[in-house]
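Student: The structure is given below, and queries will be raised subsequently.
The values are calculated or read from the model by the stated rules, or taken from the named source; none is laboratory data. What you see is a predicted model; the values in this text were computed from it and never measured. Neighbour counts are summed over all protein chains in view; Cβ atoms, including those assigned to glycine, are modelled from backbone coordinates with ideal geometry. When the accessible area is computed, the model is the full protein with side chains, heavy atoms only, and any ligands, DNA or RNA have been set aside. Shrake-Rupley method; radii C 1.70, N 1.55, O 1.52, S 1.80 Å.
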Amino acid sequence: MAMRWYVVQAYSGFENRVKKGLEERIQMHSLQHLFGKVLVPTEEVVELRGGSKRKSERKFFPGYVLVQMDLNEESWHLVKETPRVLGFIGGTPEKPAPISDKEADAILHRVEEGSEKPRPKVLFEPGEMVRVTDGPFADFNGVVETVDYEKNRLKVSVLIFGRSTPVELDFGQVEKG
């Protein structure tokens, strides 16, 4: 039987410890033949702080760990008895259901893409109020008109002398109002 991806719920904030614990237990019980990868789905995000870009990792499914495994009694018990594991998601507690290959591929693709093209940490939406923090329009408030995630820029309508003026700004020049 082919290995499938299962979603394991972990205590929030302990995802990496669960991953490490699972990997150690797989080694200790010599069950490498039943397990593939153990993954905490993260993506790289870029934050602009004080004019410099800071990269950090963000979990996009906090509280969950993906485990590629051949599910049987032995592998099920190994996962269930790992400290800080709450259980499997999907199916029944006794017989968990794997996620579809399509879902697994989408998650893996997002993890890969996230390391190649970091996403902005703060997401903006048209119609949202923002405050300009940097540049000639600092301390002005405005409304987001368009967002360009490829270039990390947005068009903001700023009220200058009673007139609405569209201004192009970098994500790092604004903060949520």
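Student: Mind listing the long-range amide H neighbours of Asn152? Cut-off is under 5 Å, sequence gap 5 or more, other chains count too, H placed in the peptide plane at 1.01 Å from N.
Tutor: none
Student: Considering only region 35-161, what is the antiparallel percent among its DSSP beta bridges, to the nearest 5?
Tutor: Within region 35-161, antiparallel bridges account for around 90 percent of the total.
Student: Calculate what fraction, in whole %, of the accessible area of region 44-160 sits on carbon and sulfur atoms when a 1.4 Å probe is rolled over the protein chains.
Tutor: Carbon plus sulfur share of accessible area: 51 percent.
Student: Here are a few candidate values for Cα extents along the principal axes in Å: [x] 71, 28, 25; [y] 50, 36, 32; [z] 62, 42, 24. Which one was actually calculated from the structure I just gave you?
Tutor: Recomputing Cα extents along the principal axes in Å here gives the entry labelled [x].
Student: If r is the Cβ-Cβ distance from Glu57 to Arg153 and R0 is 25 Å, what FRET efficiency results, to the nearest 0.05?
Tutor: After rounding, the FRET efficiency stands at 0.60.
Student: Can I ask one more? Which whole-number percent is the relative contact order of the chain (Cα, under 8 Å, 6+ apart)?
Tutor: Reported relative contact order: 22 percent.
Student: Under 27 Å from the Cα of Lys59, which lysines turn up, not counting those fewer than eight places away in the same chain?
Tutor: Cα-Cα hits under 27 Å: Lys19, Lys20, Lys37, Lys80, Lys95, Lys102, Lys117, Lys121, Lys151, Lys176.
Student: If you don't mind, another one. List, in order, the whole-Hz ³J(HN,Hα) value for each residue of region 3-10 obtained from phi through the Karplus relation with A = 6.51, B = -1.76, C = 1.60 and θ = phi - 60°; use x for Gly and Pro.
Tutor: For region 3-10, the Karplus curve yields 6, 10, 8, 10, 9, 10, 8, 10 Hz.
Student: With Cβ to Cβ distances under 13 Å as the rule, what net charge do the other residues near Gly87 carry (K, R +1; D, E -1)?
Tutor: Around Gly87, the charge tally is +1.
Student: Also, quick follow-up: Taking the Cβ of Glu145 as the center, what net charge do the other residues with Cβ under 14 Å away carry, scoring Lys and Arg +1 and Asp and Glu -1?
Tutor: With Lys, Arg at +1 and Asp, Glu at -1, the neighbours total -2.
Student: Using alpha carbon coordinates only, what is the Rg to Rh ratio of region 58-155, with Rh defined as the Kirkwood radius?
Tutor: Reported Rg/Rh, Kirkwood definition of Rh: 1.19.
Student: If you don't mind, another one. Pull up all non-local amide H partners of Thr42: gap of 5 or more, or a different chain, and H-to-H distance under 5 Å with H placed in the peptide plane.
Tutor: Those lying under 5 Å, H to H, from Thr42 are Phe60.
Student: Summing +1 for each Lys or Arg and -1 for each Asp or Glu, what net charge is found among the other residues whose Cβ lies under 13 Å from the Cβ of Gly127?
Tutor: Computed value for this residue: -1.
Student: Follow-up. For the chain, what is the calculated [θ] at 222 nm in deg cm²/dmol (nearest 500), taking -39500 (n - 2.57) for each run of four or more DSSP H residues and dividing by its residue count?
Tutor: Result for the chain, helices only: -7000 deg cm²/dmol.
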